[in-house]
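Remarks on the structure that follows.
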Amino acid sequence: MEVGAEGFGRCLPRLRRRILRAAFVALDLEFTGLHSISLQNNEPSLFDSPVERYVKARQSVQRFTLVQLGLAIFSKENSNKYVVHAYNFFLFPSTLGIRDVEFTLSASSIQFLSHYGFDYNKFLKDGIPYMNEVQEKMLRQRLLAGTWKVCSTSNADRDVLKKAIDEVTSWIAAAKEEDTMILQDLNGYHVLEVQLVLRHALENVWTEPLGNKKVMVKKVSPEHRQLLENSSYDHCQKKLILLSARGFTNLFQILVKARKPLVGHNMLMDLMHLHDKFYRPLPESYEEFKRNIHNLFPVIIDTKTVTKSVQKKCLFPRVSSLLEVYAVLCSSNLNPKGPPCPVIALASGCSRYAEKKSPHEAGYDAFLCGSVLLMSAHLLLCRATDDAVEADPSFSQYLTVLAEHVNKVNFIRGGVSSINFSGEDAPCRHPPALIVHVRGWPGLTERQIYQEFKARCRFDVRRLSKNQFILLSNQYKQLVLRDYRHHPHLQVSVYRHWRHSPSVNCLLQISGIVALWSLLAFALGGTSSC
């Protein structure tokens, strides 16, 4: 279930076969942070349009990185049963290239994942490398020119390489042809870099990785060395170096080519990180981002969007977290008359998830996503057909009943309910707003207004003019209007666009001036004619 850099290459062919046979794939990502507080006005707001939110989120995605990606592969069996293979991939940016990768850590995010048992040693020491197309192009050019390097700047890395080189140069002076020695305790790219450095410095050595953090060094003749370099068994061929450096990107491209439905939960940030880390740096254009994602994954299903619909159409308790939704769907008999929901069985190697809850472990959350999708789709199918559902509905039938939710990704706290990746977004519709008029309190800021009202209700604040602020909340309370009725400095009322909008007021003033001049001209014209 847990896959790091050391075992990833061996798993890749099996993963490819399972993805190609799958009905759909669910995923979940864990990051080093969500929203960067060091960037001004970067917090999500109810005022945000999809374009504004994308601009904010793009800045955060560029600063943070991935620590873990969970993949749950759902395969349909002959009977009414889906078998799930769930994986946790620990990820770490590739250090092969011309530029080192920098990323930011959010203390709250790190603490949050640590609370749920995340193993940071696996992230740092055994994280699978990855790169996007731009980084790959740079590495490819450097490989062809012979000027590539490992971005290794720590003293510990340099000490490892120096120790290995010293051992070989001391040994080779007395060694005979075909003699061998073993270098041990080499991690990650040390295995590759030691071999390339030795081969470059010494024309009479050959190297082979042995696995288990070991490299075999053999003394050979220059002629024998040339034959070995031209063989297909050379682990240091440029194409193999590139394949190794691309790491998890190889699996990402398998997912793209397979074109299986991709399932997630509140997946906007997941999609943005997928684009930025494995495909291309996020474009400035929001519409270009949407087109790119739709080309990569033609069928996207966000279970947050789906469960909102289920809550409206069925007697479904109002719950928020993915685990709570899963628990309700498993425990409640929401459809007593219809045929039973498909059986969801974890594969033998993934049985830990059947025995123990592991919230915020990426593989477990991916498993929950896929399970919630199947149970919700079955429920909606029964409702749509008045329970006249065959005993073994196909996944395509589920997709049909989910059609209105396909490619609609949930939009958290904003002007629209979802982002449409296969068409135009719906027009923004904000909840009722309040307007605050400030008197006798100079220099008041949005932050101070937020602090003033946060005890009563969570408002998003935006300045309208020098002495006016708009407040937005999903459910503001009437007591705010009541409590501030006689406040000495703050007058609160319901916002009316025709009355309070500066642009409308400006237009009314201009219209008034024009009307006044017209009236005056008419009056003067009439006087002259008399």
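Details
- Electrostatic bookkeeping for Y116 treats Lys and Arg as +1 and Asp and Glu as -1; over the other residues with beta carbon under 10 Å from its beta carbon, the sum is -2.
- Each Cα pair under 8 Å and six or more residues apart adds its separation to the average, and for the stretch 434-503 the resulting relative contact order is 41 percent.
- The stretch 168-247: chymotrypsin sites (Phe, Trp or Tyr not before Pro) in DSSP coil with no more than 16 other Cβ atoms inside 10 Å: Y233
- Under 21 Å of direct C-alpha separation, and excluding same-chain neighbours fewer than eight residues apart, K56 reaches these lysines: K277, K290, K408.
- For the stretch 147-241, radius of gyration divided by Kirkwood radius, i.e. Rg to Rh on alpha-carbons: 0.94
- Under the criterion of Cα pairs below 8 Å and six or more residues apart, the relative contact order for the chain equals 18 percent.
- Only one residue of L183, Q62, I19 has its Cα farthest out toward the positive end of the dipole of the chain, where Lys and Arg carry +1 and Asp and Glu -1 on Cβ, and that residue is Q62.
- Stokes-Einstein D in µm²/s, Kirkwood radius over Cα pairs - the chain at 4 °C with 1.567 mPa s viscosity: 47
- Trypsin sites (Lys or Arg not before Pro) within the stretch 451-494: DSSP coil, no more than 16 neighbouring Cβ in 10 Å: K454, R456, R458, K466, K477, R485
- With at most 13 other Cβ atoms within 10 Å, longest stretch of the chain clear of loop GluC sites (Glu not before Pro) (DSSP): 425-530
- The stretch 176-274: trypsin sites (Lys or Arg not before Pro) in DSSP loop, at most 16 other beta carbons within 10 Å: K176, K213, R259
- Partner lysines for K466 [C-alpha distance under 24 Å; skip if fewer than 8 residues away on the same chain]: K454
- Full extension of the chain between H200 and V319 gives 36.7 nm of extra length, using 0.36 nm per residue less the Cα-Cα distance.
- Note on the stretch 326-412: Cα-only Rg and Dmax are 14.2, 38 Å.
- Calculated FRET efficiency, E229 to K81, Cβ-Cβ distance, R0 = 41 Å: about 0.20 to the nearest 0.05.
- Fraction of accessible area attributable to carbon and sulfur, the chain (%, probe 1.4 Å): 53
- Per-residue ellipticity at 222 nm computed for the chain from its helices equals -13500 deg cm²/dmol, with DSSP H segments shorter than 4 residues left out and the rest contributing -39,500 (n - 2.57).
- Using alpha-carbon coordinates, inclination of helix 190-201 to the longest axis of the chain, degrees: 50
- FRET efficiency for S285 and Q253, using Cβ-Cβ distance with R0 set to 22 Å, rounded to 0.05: 0.40
- For L210 and T169, a Förster radius of 25 Å and the Cβ-Cβ distance give a FRET efficiency of 0.75, rounded to the nearest 0.05.
- Summed residue charge, Cβ within 12 Å of V319's Cβ, Lys/Arg positive, Asp/Glu negative: +2
- Rg of the Cα atoms in the stretch 1-149, relative to 2.2 N^0.38 Å, amounts to 1.26.
- Per residue, the average separation of C-alpha pairs within less than 8 Å and at least 6 apart gives the stretch 1-125 a relative contact order of 32 percent.
- Within straight-line cross-link reach of K238, lysines at Cα separation under 17 Å, skipping those fewer than 8 residues along the same chain: K137, K149
- A simple count of charges around V263, restricted to other residues whose Cβ falls under 10 Å of its Cβ and scoring Lys, Arg +1 and Asp, Glu -1, yields -1.
- When the surface is traced with a 1.4 Å probe over the full set of protein chains, D159 keeps roughly 100 Å² accessible.
- Between Q448 and E102, the simple label model (points 7 Å from Cα in the Cβ direction) yields a spacing of 3.5 nm.
- Using the average count of surrounding beta-carbon atoms within 10 Å as a protection proxy, the listed peptides 113-121, 274-282 rank, highest first, as 274-282, 113-121.
- The stretch 49-103 shape via C-alpha gyration tensor axes, a/c threshold 1.5: oblate
The values are calculated or read from the model by the stated rules, or taken from the named source; none is laboratory data. A quick note: this is a predicted structure, and the numbers were derived from the prediction, not measured. Positions of Cβ are generated from backbone atoms using ideal geometry, with glycine treated the same way; all protein chains shown enter the neighbour counts. Note: areas computed on protein heavy atoms with side chains; ligands, DNA, RNA excluded. Shrake-Rupley method; radii C 1.70, N 1.55, O 1.52, S 1.80 Å.
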